[in-house]
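Just so it is clear, none of the values below were taken in a lab; they were calculated from the coordinates. Not measured: the values here are computed from a predicted model. No Cβ is skipped: glycine too gets one built from the backbone with ideal geometry, and neighbour counts run over all protein chains shown.
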């Protein structure tokens, strides 16, 4: 049985959807004013794996991820560049979609944009004012935090403690410093929409309350996002929605951990961040995706060049296995290892499902994968007979297809993978291989070996097979380091 | 080798992407002012199968499908209902996305909306005016058809013939009646955007030229849409893009055929249309999807209730086979049929690929599937031994997974399928089954048979198995006809 850690209860719970076999999920998306960084990549890949695994388990999943296309940062960029907010957000929506495709993240079923839901947000503000959960002052509308006795239930924060906290912006006009904005009056030259309270724009939190309930209905099954969103964003979403709609909001709250760089929390404001585009200039996107799932989604993830090199070499091991299987020749005589391979495969299925059922433990899932890789390598050395080898091929194919559909990796053939990871020009390489083979024919073995050794230094390993010389890649170091100390 | 029929050349051609292994496709999407009908469903499913098959063949596909979110019909609906165009289009974008999920259509990688590209459309108009391919008059901008000598190359229409045609709106202000609008002056109270020619809005054709080139770059591999779009829409897109960008536009032009109802072309304006929502009230969405691929995508598709019932019963045959395999018990003794099943499976792969390679012939692809189904039924009657049966299970699993990934059908387990197709309440059914089993225990066989026969009349067939009584569905007629004569 699948168990998920629910931030709301602070425990792992059995996963039981609200409505039979359907799972409705809402994930907080990005604010579109710049290229996505590795923090965005982590959240996107984590919830993509969760979505994929739920589908694999047989659930019918509806997946919504929004775009925040109006907010202070977008307005700031608009003022700095003289471009309209619309123009900026359109550009970065496309950049985001490009990054998601790179990372093999499935497209959401719905991608609502905040500015398409202004009327509904105004509607929710009105409802909250009518029910006395909110009030208007000087064209701003604030949520009255004290009116919701359960405020703090997600983040575990205490209202009284919050009051004296420093993170709350103290504004004179609010009844209470904890109250937060549902609707903000637009300044001159700022984008704004007509409302009963004059020209203004939505506060950030209200968009997710509105878009999730309009598209999924209340209550829905899973609300997800980065840990940094628990407070105040998700706490405020709960307050708004549960007060306005007289319904529970979301059943399970899932949050992914931070990304650390040199042991420090990565953040845009600290300036220690890397974009997906930076990283994929040097590494295959699949390597980045793999790296992002090597750690359990709730744990912090330490980002470094070494980790990415390790990720690439780990993927190499899987692709080498597939390549070995593709090139394997069974002899006339061999051992009947059918029981053995069936046993290996059964063990894989059982272990993989059981660790993934434990709150989507991809780190353990990958260990199960490598356990299989290791055992199959030994299996191949034990000279399987034709029938046993065929079963191995079949079972491996099934296993790879499950890895593809749940983890979203191993999407290439071994040849495509090694070609993609070449750090030298392929034509040049092929002509060096040609030259080396000429040397070998002429019995000039020293010259031939020299070529092989120099290629090895560049991370290219040559293999002489009955079908000719093939190559594999093995990265030793970065061609150009991108993390400066 | 994959061959596709290219409307541009009027022949089947070998499919060779512009850039190695990548395929960039742009499909004309819907105008969002009403629920999608079966014509939209056909186009969506057809190009989804094409996309899926290309992915299956190993291509890296980028798939763009736009939303037309400003045009005359939207403005008309806005005037009639008093709702803003933005509000209307948002609603029907969500309705569209819902329908696509019902039909198991993969979400596009990019879903640009026309109104997000107004600046770029103005830019293209300016470019065309500068190059003397277009001219402004009274706030309208027109494309000068005579300035593009290749005009007509897609549709095969002759410029001189067109001139006297009645389908071209004769407007006094145009230099030539064939010229078409790139930019239209907004009437009072109509939505509009500022432009060098005053407040206006884009003509329909320009949006696709702009969005495809901005997102995919020129030239791209496949441009698709319904046959009704060949002229003037796609012809005009080619003229605009090739004149503005000095590049070829799209390499392959693919068009799907019409849907006929009672032998008449279905169309919104004729009023003889059905929405996806109408049909899926009565039928499983998978049945509709299946029906849509029973005919080659370029041929006209005859829609009728009988065809849908036939489609459901055809799917039943596949699900019954899977159910039979799941419930099959091999005896202690059996026949060694390994060669036979391997042969069946090889034949499936070879035939399926070869017909799908022939311009995505899904109709023939489904015949290959049913050929396999028929042969496996015979195979099961021939009492395979344990090993042969295991290979059958394995091969069938692989084949179903290919059917799922390319055709997008057989997405359920047999139990889910039969439950979904029940036309009576399941609890009631289960209690009738219970009652019948009680009768059988008491040897009241007449009473037991009566229950079975009455269920049969309602389209539910009972099967007594060692694990208890199971049910399957078989539709005889509609519970409520929805095509009136």
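Listed values, structure above:
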item: Inter-site label distance for residue A:420 and residue A:150 at 7 Å from Cα along Cβ, in nm; result: 4.4
item: Helix A:72-81 axis, angle to chain A major axis (alpha carbon atoms, nearest 10°); result: 80
item: Per-residue mean of C-beta atoms belonging to partner chains within 10 Å, peptide B:309-315; result: 0
item: Per-residue [θ]222 nm for chain A (sum of -39500 (n - 2.57) over DSSP H runs n ≥ 4, rounded to 500); result: -15000 deg cm²/dmol
item: Where labels lie 7 Å past Cα in the beta-carbon direction, separation of residue A:431 and residue B:131 in nm; result: 3.7
item: Once the Cα gyration tensor of the stretch B:15-265 is diagonalised, semi-axes √(5λ) in Å; result: 28, 23, 18
item: DSSP bridge pairs, the protein assembly as shown: antiparallel proportion in percent, nearest 5; result: 50
item: Position residue A:172, label points 7 Å along Cα→Cβ, spacing to each other copy in nm (shortest first, one decimal); result: 6.4
item: Using alpha carbons only: equivalent-ellipsoid semi-axes of the protein assembly as shown, gyration tensor based, whole Å; result: 45, 37, 37
item: Relative packing of B:189-200, B:88-99, which averages over residues the other C-beta atoms within 10 Å, highest first; result: B:88-99, B:189-200
item: Principal-axis tilt of helix B:362-381 within chain B, Cα atoms, nearest 10 degrees; result: 10
item: Alpha carbon Rg of chain A, scaled by the compact-globule rule 2.2 N^0.38 Å; result: 1.17
item: Spin-label model distance (nm) - residue A:363 vs residue A:18, 7 Å beyond Cα toward Cβ; result: 3.2
item: Zone of residue B:378's modelled label, taken as backbone nitrogen in the stretch B:314-338 under 20 Å from a point 7 Å along Cα→Cβ; result: B:317-322, B:324-325, B:335-338
item: Gain upon complete extension [residue B:269, residue B:456; 0.36 nm per residue less C-alpha separation]; result: 63.2 nm
item: Using a Förster distance of 51 Å, the FRET efficiency for residue B:444-residue B:346 (Cβ separation, nearest 0.05); result: 0.50
item: Exposure proxy ranking, count of Cβ atoms within 10 Å, fewest first, for A:141, B:373; result: B:373, A:141
item: Beta carbon of chain B nearest to the axis of the rotation taking B to A, residue and angstrom distance; result: B:107, 2
item: D (Stokes-Einstein, µm²/s), Kirkwood Cα radius, the stretch A:1-104, 1.567 mPa s at 4 °C; result: 82
item: Extent along principal axes [Cα atoms of the stretch A:305-410; Å; largest to smallest]; result: 45, 30, 19
item: Label spacing, shortest first and in nm, from residue A:77 to its equivalents in the remaining copies (7 angstrom along Cα→Cβ); result: 3.1
item: DSSP-defined antiparallel bridges as percent of all bridges, the stretch A:190-293, nearest 5; result: 35
item: Copies compared at residue B:160 - label distances in nm, ascending, label defined 7 Å from Cα in the Cβ direction; result: 9.5
item: 10 Å Cβ neighbours from other chains, averaged over peptide A:116-128; result: 1
item: Two-site FRET efficiency, residue A:278 against residue B:467, from Cβ-Cβ distance with R₀ of 41 Å, rounded to 0.05; result: 0.10
item: Cα-based helix-to-principal-axis angle, B:85-102 vs chain B, degrees rounded to 10; result: 30
item: Full-stretch length increase - residue A:262, residue A:94 - with 0.36 nm per residue and alpha-carbon distance subtracted; result: 57.4 nm
item: Ranked packing of B:144-153, B:64-73, most packed first, by mean Cβ within 10 Å; result: B:64-73, B:144-153
